[in-house]
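Nothing in this text is a laboratory measurement; each read-out follows from the coordinates by a stated rule. Since we're looking at a predicted model, the values are computed, not measured. Here the Cβ positions follow ideal geometry from the backbone for every residue, glycine too, while neighbour counts run over all protein chains shown.
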Amino acid sequence: MKRPTGLRVVVLAYLGVIVALPVGYLIYRAFSKGFSSFMSQVTQPGAVHALVLSLEVAAIAVPLNTIVGVGAALLFARHRFWGHRVLDLCFDIPVAVSPVIIGVALVLAYSKIGWWGSWLATQGISVLFSVTGIVLATTAVSLPYVLRSTLPVLLESGTDQEEAARTLGSGPLRTFWYITLPVIRWGVLYGVVLTLARTLGEFGAVVVVSGNISGLTQTLPIYIYDSWDQNYNAQASFDNALILAAIAVVALVVLGILRSKERNHRGDLA
Amino acid sequence: MAILLNRVTKSYGSRRVVDDVTTSIDDGSLTVILGPSGSGKSTLLRLIAGLETLDSGTVAIDGQDVTFQDVRDRNIGFCFQHYAPFRHMTVAKNVGFGLKVRKQSRADIDRRVGELLEIVRLSDKANRYPSQLSGGERQRMALARALAIEPRVLLLDEPFGALDAQVRIELRSWLRDFHHRIPVTTIMVTHDQQEAMEVADQLIIMAEGAIQQTGDPRHIYASPSNEFVQGFLGPITNFGGVPVRPHDLEIRGANAPGEHAVVTAIQNFGFEVRVDLCTEHDTSCWVQLSTREAETLSLSVGDAVTVSVRHEPALMI
């Protein structure tokens, strides 16, 4: 077999400049003052609150977008209806435009200057400067990942297995749970990990709607930026950035391990 | 269970895929629907199963109108062209799926799955996954899965289409034998005329969405109702302006009675020999000879011969 040495060097150099060097240096700087310094930075009340808030937001946004994404994938893969292309395109808008625009649009639509803002306020729901707003913004910007990772798997797997289950007497719910879901699960899980990464890391849309109130509406990325930009505490931003990065990377690695285990077990590609 | 189709019609857009089909399928028979690709034969099978809905017409199984019955209530065993195995389940789980849906006890399922795997000779593969089986084994697993629910009717969509020639032939005779032991009404769809002739009790020939002829395969072969059926069931050649089977022609010496002709090509296939001729009226035809006949004649290209229709055609009408 021919070894594509040149190509390999280019890819490695590219990844090195863009990913490995900056992240490596971040890790080095995070621990450069010792482990106890690292621990004290990541256990500051503001940092802990921001981390918990980020996780809470993810705990709402990820399941929501998983259900919507799988539902939409089923809809697009199994039904051809008028306007399905337009609807399909709409899912990509939140990641195609700048997150700041999503944030501004949400504020416009749901704050008191918007059409429904006053009515929402009378119902006791405020979007601006609130956790509700953060959840809304985060859900919006992480909308299409599950759909995009599930739809191709669903299209490729075809309808044969589902039809076979129907001829054997299986109803729609059972067919989905026992036949469709096992077929698409790796696609769905990959989408879930991407959604999680995006929800934890979202900055632009969240910073617009949250108002950046320290200890209240500060998510971890905003806390990191704040430490860096406002409080001149670079060490706090390095250390917490590492925590944030680690969560997403660990999720990706766990997914990879689970998948390769199953593949070895069954001797094929799921 | 007998199946009755009455004026069954199905279109996709403006294309009529199944066009006003009326026929009956005998209880306990092994019926083959034969037709070229695009003839509507698979769609007809899916309409019987309830995987597609009819535009008009009715389908009745065992005297019961099932036209509007959902596929899951029809109790039909369906084998898909590419077997549609549940890839994340073992062979035993695949076969037992329909029984689990029917909420049978674990012990009953295990016993029945064991029996079925015995019948399809897959007992030793019960804990394998479909990806670890050969094509023929997957086919037999799909058959066992369909039979597990004790279907009223078994429907097979191109069951041997994706298999090697050798495995196809083996499975064909296995299916015949199997149907003798478990005589559930079976309809099989194929585009392979040899397969159809070998397997069928009853043959339905389709083209362009419509039935061309139905009946006993030997009868249809001997007296096809139109030129399409004749051409599709076996080779034909033109002799004196009439289409005939090339094995119904006979070659004899130049002085024998018949039409004078010159040998233009000889192809030896081992089990048979094809001889191309140019007749005195400057038309070409070809004759199919057994290897032994060809040896007796010891023909070579350029020989002058006579050709005539055999006195005793190979098959009587």
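Applying a length cut-off of 27 Å (Cα extent along the axis) and a mean Kyte-Doolittle floor of -0.5 to the DSSP H helices of chain A leaves A:45-78, A:181-201, A:234-266. Just to be sure I understand: with springs between alpha-carbon atoms less than 10 Å apart, which residue in A:V97, A:V11, A:V19 has the highest mean-square fluctuation in the Gaussian network model of chain A? So, out of A:V97, A:V11, A:V19, the one fluctuating most is A:V11. Taking the longest Cα principal axis of chain B as reference, the axis of helix B:106-119 is set at about 10 degrees.
Each residue, A:L21 and A:L252, gets one label point 7 Å from its Cα in the Cβ direction; the gap between the two is 1.9 nm. Projecting label points 7 angstrom from Cα along Cα→Cβ for B:A2 and B:E170 puts them 3.9 nm apart. Of the trypsin sites (Lys or Arg not before Pro) found in the range A:50-108, the ones in coil according to DSSP and having at most 10 other Cβ atoms within 10 Å of their Cβ are A:R80. If I build a Gaussian network model for chain B, linking alpha-carbon pairs within less than 10 angstrom, which residue out of B:L54, B:L289, B:L147 has the largest mean-square fluctuation? Maximum among the listed residues: B:L289.
A crude spin-label estimate for the pair A:S36 and B:E295, with each label 7 Å from Cα along the Cβ direction, gives 10.1 nm. Comparing B:N75, B:N238, B:N255, which has the greatest mean-square fluctuation in the GNM of chain B with Cα pairs linked when under 10 Å apart? For chain B, modelled as a Gaussian network with Cα springs under 10 Å, the answer is B:N255.
Remark on B:T185: its backbone amide H falls under 5 Å from those of B:G28, B:L154, a criterion applied only to residues 5 or more positions apart or on other chains, H modelled at 1.01 Å from N.
How much FRET efficiency would the formula 1/(1 + (r/R0)^6) give for B:E280 and A:R80, where r is the Cβ-Cβ distance and R0 is 60 Å, rounded to 0.05?
Between B:E280 and A:R80 the formula returns 0.45.
Can you tell me the FRET efficiency between B:R106 and A:L181 if r is taken as the Cβ-Cβ distance and R0 is 25 Å, rounded to the nearest 0.05? Between B:R106 and A:L181 the formula returns 0.65. The range A:159-212 and the range B:96-122 have Cα centres separated by 31 Å.
Hey, what number do you get for the protein assembly as shown at 222 nm if only DSSP H runs of n ≥ 4 count, each worth -39500 (n - 2.57), divided across all residues, to the nearest 500?
-15500 deg cm²/dmol
Counting Cβ atoms of other protein chains within 10 Å of each residue's Cβ and taking the mean over peptide A:154-164 gives 4.
If R0 is 30 Å, the Cβ-Cβ spacing of B:A60 and B:D19 corresponds to a FRET efficiency of close to 0.95.
Please return the longest stretch of chain A lacking exposed loop sites, where chymotrypsin sites (Phe, Trp or Tyr not before Pro) count only if DSSP places them in a loop and at most 16 other Cβ atoms lie within 10 Å. In chain A, the maximal stretch lacking such sites is A:117-231.
Round to the nearest 10 and give me the degree value, 0 to 90, for the angle of helix B:135-148's Cα axis relative to the longest principal axis of chain B. Helix B:135-148 and the main axis of chain B meet at about 50 degrees. Each principal axis of the Cα cloud of the range A:117-270 was evaluated for its coordinate range; sorted largest first, these ranges are 62, 44, 19 Å. Exposed loop sites are taken as chymotrypsin sites (Phe, Trp or Tyr not before Pro) in a DSSP loop (any state but H, G, I, E or B) with at most 12 other beta carbon atoms within 10 Å; the longest stretch of chain B without one runs B:69-268. The lysine pair tally for the protein assembly as shown, using Cα distances under 24 Å and a gap of 8 or more places or different chains, is 6.
Here the range A:36-105 and the range B:23-74 have alpha carbon centers that stand 47 Å from each other.
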